[in-house]
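Colleague: This is the structure I have questions about; it appears just below.
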Amino acid sequence: MIQKGLAELDDKATKEKTNVLAEIERLRADVAAYDRRLRIAGRCSTSSSNLHEPTGAARLDDGRAVELAAVAGRTVFDIRAGIIKDRAALKGLQEYVREVCR
């Protein structure tokens, strides 16, 4: 009985992880094909010693979205996929402990 329950938990967790990772791959492909853009909302202070004052009208601290370079975008997706895999593994272990080690 426990084996069946564990198999069901594993199947459910695997399916959830597979679905989320497939969505990340779709997003990654869309960004690579320029069908979507990966942007991060944020602000950069122009008082930072690492930033130079822009010469145009736009400023770095105007609250606009930052569009990442393609390599950085791929890195973001890689990091996100790694987090999802780690969370899925942790969730599976927690469910195993709750079901088997109680």
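The values are calculated or read from the model by the stated rules, or taken from the named source; none is laboratory data. Remember, it's a predicted structure, so these values are computed and weren't measured experimentally. Using ideal geometry, Cβ is built from the backbone for each residue, glycine included, and neighbour counts are taken over all protein chains shown.
Colleague: So which residues in the stretch 14-32 are of a type in the set (A, V, I, L, M) and touching a residue at least 24 places away in the same chain (Cβ under 8 Å)?
Modeller: VAL20, LEU21, ILE24, LEU27, VAL31, ALA32 - these are the residues of the stretch 14-32 that are of a type in the set (A, V, I, L, M) and touching a residue at least 24 places away in the same chain (Cβ under 8 Å).
Colleague: Right, next: Go over the candidates ILE79, ILE24, ILE84 one by one and state the one that is assigned to a helix (DSSP H, G or I), at pLDDT 85 or above, surrounded by fewer than 11 Cβ atoms within 10 Å (Cβ to Cβ) and within 13 Å of the chain's Cα centre (by Cα).
Modeller: Result of the check over ILE79, ILE24, ILE84: ILE79.
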